[in-house]
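A.B. asks: Right, I'll just put the structure down here and ask away after.
The values are calculated or read from the model by the stated rules, or taken from the named source; none is laboratory data. Remember, it's a predicted structure, so these values are computed and weren't measured experimentally. Quick reminder, even Gly has a Cβ in these numbers, built from the backbone with ideal geometry, and neighbours come from all protein chains shown. Note: areas computed on protein heavy atoms with side chains; ligands, DNA, RNA excluded. Shrake-Rupley method; radii C 1.70, N 1.55, O 1.52, S 1.80 Å.
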Amino acid sequence: RSQGILRSPPKMESLPKGYGYVVAVVGGSFLLNMYLTINVVTARKKFKVEYPLLYAPAGHKHEEAFNCVQRAHQNTLESFPMVMMQMLLCGLKYPLTSAVCGGIWVVGRFLYGYGYANNGPKGRMVGGIFSHLGDFPLAIMTFKVAYEMIAAGK
């Protein structure tokens, strides 16, 4: 038997029924990130904002338009790791609820990115609210799962 990091992974049977939906949402989050990345790359070319600048410089002709596209991506990346980690962990106990919450967050971030890029700062509101309908429950569920695990001695 191999030891350490070369050890065989746990068997799929140890994962709860429905955990595949959690994994599917992770796949959907990849598509979300690609969509937002393509938006930024396209906006860079369209508005002539060159690397290594993260944002359009002050006074740039298209400062707000480019920065809205970039902020949609950056803001999503700011919460992306935590939301995905919470979904993956909570999904071990509540796979369907976690997947639904994660899916709501992903759809909300698509709406957020589209709205922010096409309608400016006010355009982000619907997607922002929608995504919080997914990430807030995951945050609460994380504490619930932690409590249940501690109470069970795990």
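A.B. asks: Given a 1.4 angstrom probe, what's the average accessible area per residue across segment 1-101, in square angstrom?
C.D. replies: Each residue of segment 1-101 exposes 67 Å² on average to a 1.4 Å probe.
A.B. asks: Grab the other residues whose beta carbon is less than 10 angstrom from that of Gly113, score K and R as +1, D and E as -1, and report the net.
C.D. replies: Cβ neighbours under 10 Å give a net charge of +3.
A.B. asks: Looking only at Cα atoms, what is the convex hull volume of segment 27-154 per residue, in Å³?
C.D. replies: Numbers: hull volume 13.4 nm³, N = 128.
Roughly 105 Å³ of hull volume per residue.
A.B. asks: Continuing with the same structure: Which distance in Å, rounded to a whole number, links the C-alpha centroids of segment 116-132 and segment 64-83?
C.D. replies: Here the answer is 11 Å between Cα centres.
A.B. asks: Can you order the peptides 140-150, 107-117, 74-84 by their average number of other Cβ atoms within 10 Å per residue, highest first? Mind dumping the intermediate values first?
C.D. replies: Details: 140-150: 13.5, 107-117: 22.5, 74-84: 15.5.
Output ranking for 140-150, 107-117, 74-84: 107-117, 74-84, 140-150.
A.B. asks: Tell me the angle of helix 125-151 to the major Cα principal axis of the chain, expressed in degrees between 0 and 90 and rounded to the nearest ten.
C.D. replies: Result, in degrees: 20.
A.B. asks: Still on this model: Summing -39500 (n - 2.57) over the DSSP H runs of n ≥ 4 in the chain and dividing by its residue number, what mean residue ellipticity at 222 nm do you reach, to the nearest 500 deg cm²/dmol?
C.D. replies: Working: 4 runs with 109 residues, N = 154.
Mean residue ellipticity at 222 nm (helix-derived): -25500 deg cm²/dmol.
A.B. asks: On the protein heavy atoms, probe 1.4 angstrom, tell me the percent of accessible surface of the chain carried by carbon and sulfur.
C.D. replies: Details: 6870 of 9950 Å².
Result for the chain: 69 percent of the exposed heavy-atom area is carbon or sulfur.
A.B. asks: I've got another one for you. Return the subset of Lys11/Lys144; Lys11/Lys93; Lys48/Lys122 for which the Cα-Cα distance in this structure is over 22 Å, preserving the input order.
C.D. replies: Details: Lys11/Lys144 26 Å; Lys11/Lys93 17 Å; Lys48/Lys122 24 Å.
Going by Cα-Cα distance, Lys11/Lys144; Lys48/Lys122 fall outside the 22 Å limit.
A.B. asks: Using Cα pairs closer than 8 Å and at least 6 residues apart in sequence, work out the relative contact order for the chain, in percent. Intermediate results must be reported in sequence, preceding the final value.
C.D. replies: On the way: 169 pairs, mean separation 35.9, N = 154.
It rounds to 23 percent for the chain.
A.B. asks: Please give, to one decimal in nm, the separation of the simple spin-label points placed at Thr42 and Asn118, each 7 Å out from Cα toward the Cβ.
C.D. replies: Using points 7 Å along Cα→Cβ, the separation is 1.0 nm.
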